[in-house]
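Participant: Got a structure here, written out as structure tokens. Questions coming.
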Amino acid sequence: MKSILFSAAIAAMSLTAAPVIANEAAMAARHGEMRLLAHSLGVLGGMAKGQIEYDKLRAEVAADTLVAVTSIDQSMLWPEGTETGTMEGSSAKPEIWGDKADFTAKWEDLHKAAQTMKTAAGEGQQAIGAAMGDVGGACSACHKVYRVSKN
Amino acid sequence: MRRLLIICVALALAGAAVFLVLTRPATLPAAELAELDGLSGDATRGETVFWAGGCASCHAAPEAEGDDLLVLTGGERLASPFGTFIAPNISPDPTHGIGDWTRADLANALTRGTDPAGRHLYPAFPYTSYIHMELQDIADLDTFLRTLPADATPNEPHEISFPFTIRRGLGLWNMLYLTEDWAIPGDLPEARTRGRYLVEGPGHCSECHTPRGPIGGLERGQWLTGAENPTGDGRIPGLTPGQLDWSAEDIAYYLETGFTPDFDSAGGHMAKVVTNLSHLAPEDRAAIAAYLKALPAQ
């Protein structure tokens, strides 16, 4: 009897634990996307600011990364239960799940801005600077509504 | 007994009279209003003042983006310990907006927190910062605001309770907290002088980045050292050199694009501020950075 109860308890735990682990993996993947974006933007932004010398090849690789990351379909990465307050380490506001269509549209806006950057990357510092404004606008448009502040 | 009663009534009346005199809503001095009247307003320069002043952050519809930022319907909700203030319509609609305000009406609201009916406005509207605005900037802003589309969205009442519903009491609050003095006084080099004007004046940075005391006045001794976020969403960071170690260039770039030196990006209300400040000239963003870098270290 005891062992049945024990097995049942283990089974119950694994039933609840599995989604938590899957959710944490989804959040980690999201954070990974953001880090990849930040890394490429560091190269492009450094060139825009004049802190890194313009190098066509490096700029294009960085812009290609932005295009690639923003091409990733987000539908599996935002399961319910991964919002701030529910999952430790999450800055995702619950509003994301209230308006998924708008959230997805904002991600697509970032993709469009990344494509603009892809063209700009081949042109030079000034073009990159202008394209950084579009990318920054797309980042902020989403963070403004869907991410909690960190400080 | 009767005599005592008379004395009490007399004292009460005298007290009420003093209260009414002390709490009378102020307007700009006549000489300044006359000077303002003689200025010619320029809509292009006024648009810069509009973005520097962050008008759209609260007076555009809450989710507005792009051209909708120029439709000043109001509706943004500002949480505070005293209740929630709801930004009014300031589009040129004569009934629901401020289309029937004169330039002097706008100036009195901006710099003294007094509306055309002679009532105190609540300091959720940052007239405590706008008091520093130059008359030419007010004239230009007035001209620009009149070019914007009228919108007939009715105003919503503030969600506040007694005693804060008594506007007259704000006269006492203004005596304590409304001042023309700079927080960082004295003669500064040119860029920092411009930066001080933008930060302490139209930019009204201190309204969120400086802590407030028990009755909502800014703790000017802790200028721009960070504060609780009244929305409960994190803490608003301090901007003094000891708290923000970014270079002046990094600060200016953040204000232009929203990117931190680590290429994280601005969120929350600050994202709106970045949208506004991206419309300014690069020298203005650099001036803000120069001012912040020279703040007393914390």
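Participant: In the range B:221-255, how many are crowded, with 21+ Cβ neighbours inside 10 Å, free of Cβ contacts under 8 Å to residues at least 40 places away in the same chain and under 25 Å from A:Leu66 (Cα atoms)?
Facilitator: 4
Participant: Counting only residues that are facing chain B (nearest Cβ under 8 Å) and either over 15 Å from A:Gly45 (Cβ atoms) or without any contact (Cβ under 8 Å) to a residue 40 or more places away in the chain (or both), how many does the range A:122-138 have?
Facilitator: 3
Participant: Would a scan of the range B:56-77 turn up a residue that is within 30 Å of B:Pro214 (Cβ to Cβ), in contact with a helix residue (DSSP H, G or I) (Cβ under 7 Å, 6 or more places away or on another chain) and assigned to a helix (DSSP H, G or I)? Explain how you work it out, then say what you get.
Facilitator: First pass over the range B:56-77, keeping only residues within 30 Å of B:Pro214 (Cβ to Cβ): B:57-59, B:62, B:74-77.
Then keep just the ones that are in contact with a helix residue (DSSP H, G or I) (Cβ under 7 Å, 6 or more places away or on another chain); that gives B:57, B:74, B:76.
Okay, now just the ones that are also assigned to a helix (DSSP H, G or I), so B:57.
Yes, there is a match, as at least one residue in the range B:56-77 is within 30 Å of B:Pro214 (Cβ to Cβ), in contact with a helix residue (DSSP H, G or I) (Cβ under 7 Å, 6 or more places away or on another chain) and assigned to a helix (DSSP H, G or I).
Participant: Please go through the range B:245-254 and give me each residue that is within 11 Å of another protein chain (Cβ to nearest Cβ) and under 26 Å from A:Cys142 (Cβ atoms), ordered by number.
Facilitator: Going residue by residue through the range B:245-254, those that are within 11 Å of another protein chain (Cβ to nearest Cβ) are B:247, B:249-250, B:252-254.
If the condition is that a residue be within 11 Å of another protein chain (Cβ to nearest Cβ) and under 26 Å from A:Cys142 (Cβ atoms), then B:Glu249, B:Asp250, B:Ala252, B:Tyr253, B:Tyr254 are the ones that fit.
Participant: Of all residues in the range B:32-87, count the ones that are free of Cβ contacts under 8 Å to residues at least 12 places away in the same chain and either among the hydrophobic types (A, V, I, L, M, F, W, C) or touching a Lys or Arg at 6+ places or on another chain (Cβ under 7 Å) (or both).
Facilitator: Of the residues in the range B:32-87, 2 are free of Cβ contacts under 8 Å to residues at least 12 places away in the same chain and either among the hydrophobic types (A, V, I, L, M, F, W, C) or touching a Lys or Arg at 6+ places or on another chain (Cβ under 7 Å) (or both).
Participant: Here is a check on your reading of the model: is A:Ala141 at pLDDT 95 or above and hydrophobic (A, V, I, L, M, F, W, C)?
Facilitator: no
Participant: Only residues that are closer than 23 Å to B:Leu110 by Cβ, free of Cβ contacts under 8 Å to residues at least 60 places away in the same chain and part of a helix (DSSP H, G or I): list them for the range B:148-192, please.
Facilitator: B:Arg167, B:Trp173, B:Leu176, B:Tyr177
Participant: Tally time: how many residues in the range B:255-276 are in a helix (DSSP H, G or I) and within 9 Å of chain A (Cβ to nearest Cβ)? Talk me through it step by step, then tell me what you get.
Facilitator: Filtering the range B:255-276 down to residues in a helix (DSSP H, G or I) leaves B:255-257, B:268-276.
Those left that are additionally within 9 Å of chain A (Cβ to nearest Cβ): B:256-257, B:268-272, B:274-275.
Summing the residues that are in a helix (DSSP H, G or I) and within 9 Å of chain A (Cβ to nearest Cβ) in the range B:255-276 gives 9.
Participant: Between B:Asp93, B:Asp115, which is over 24 Å from B:Gly201 (Cβ atoms) and in the same structural domain as B:Pro149 (by TED's automatic domain parsing)?
Facilitator: Values: B:Asp115 fails: over 24 Å from B:Gly201 (Cβ atoms).
Only one candidate passes the filter, namely B:Asp93.
Participant: Please determine, by comparing only the residues of the range B:279-298 that are within 14 Å of chain A (Cβ to nearest Cβ) and touching a residue at least 40 places away in the same chain (Cβ under 8 Å), which one is nearest to B:Asn229 (Cα to Cα).
Facilitator: Per the stated criteria, the residue is B:Ala289.
Participant: So in the range A:30-53, with the set limited to residues that are more than 9 Å from every other protein chain (Cβ to nearest Cβ) and part of a loop (DSSP other than H, G, I, E, B), which one is surrounded by the most Cβ atoms within 10 Å (Cβ to Cβ)?
Facilitator: Among them, the one singled out is A:Ile52.
Participant: Just checking, does the range B:136-145 include any residue being of a type in the set (S, T, N, Q), modelled with pLDDT under 95 and not assigned by TED's automatic domain parsing to the domain that holds B:Leu277?
Facilitator: No - not one qualifying residue is present in the range B:136-145.
Participant: Which residues, taken from the range B:204-214, are touching a residue at least 24 places away in the same chain (Cβ under 8 Å) and either closer than 26 Å to A:Tyr146 by Cβ or out of contact with any Leu (no Cβ under 8 Å at 6 or more places or on another chain) (or both)?
Facilitator: B:His204, B:Cys205, B:Glu207, B:Cys208, B:His209 - these are the residues of the range B:204-214 that are touching a residue at least 24 places away in the same chain (Cβ under 8 Å) and either closer than 26 Å to A:Tyr146 by Cβ or out of contact with any Leu (no Cβ under 8 Å at 6 or more places or on another chain) (or both).
Participant: Which helices (runs of 4 or more DSSP H) does the range A:54-151 wholly contain that include 3 or more residues that are more than 20 Å from B:Glu256 (Cα to Cα) and of a type in the set (D, E, K, R)?
Facilitator: A:56-69, A:100-121
Participant: Is it true that B:Gly46 is assigned to a loop (DSSP other than H, G, I, E, B), surrounded by 16 or more Cβ atoms within 10 Å (Cβ to Cβ) and not hydroxyl-bearing (Ser, Thr, Tyr)?
Facilitator: On the way: assigned to a loop (DSSP other than H, G, I, E, B): no; surrounded by 16 or more Cβ atoms within 10 Å (Cβ to Cβ): yes; not hydroxyl-bearing (Ser, Thr, Tyr): yes.
In short, no.
Participant: Which of (1) farther than 20 Å from B:Arg119 by Cβ; (2) outside the structural domain of B:Leu78 (by TED's automatic domain parsing); (3) surrounded by 10 or more Cβ atoms within 10 Å (Cβ to Cβ) is the odd one out, the single condition B:Glu32 does not satisfy?
Facilitator: Here B:Glu32 clears every test but (2).
Participant: B:Ala252 passes all but one of (1) in a loop (DSSP other than H, G, I, E, B); (2) modelled with pLDDT of 95 or more; (3) more than 18 Å from the chain's Cα centre (by Cα); which number fails?
Facilitator: Among (1) in a loop (DSSP other than H, G, I, E, B); (2) modelled with pLDDT of 95 or more; (3) more than 18 Å from the chain's Cα centre (by Cα), B:Ala252 violates only (1).
Participant: What number goes with the only condition from (1) in contact with a helix residue (DSSP H, G or I) (Cβ under 9 Å, 6 or more places away or on another chain); (2) at pLDDT 95 or above; (3) more than 24 Å from B:Glu76 (Cβ to Cβ) that B:Pro185 does not pass?
Facilitator: (1)
Participant: Determine whether the range B:148-162 contains at least one residue that is at negative phi, touching a helix residue (DSSP H, G or I) at 6+ places or on another chain (Cβ under 6 Å) and surrounded by 14 or more Cβ atoms within 10 Å (Cβ to Cβ).
Facilitator: Yes, because at least one residue in the range B:148-162 is at negative phi, touching a helix residue (DSSP H, G or I) at 6+ places or on another chain (Cβ under 6 Å) and surrounded by 14 or more Cβ atoms within 10 Å (Cβ to Cβ).
The values are calculated or read from the model by the stated rules, or taken from the named source; none is laboratory data. Owing to the predicted nature of the structure, the values given are computational and were not obtained by experimental measurement. Neighbour counts run over all protein chains shown; Cβ positions are idealised from the backbone, glycine included.
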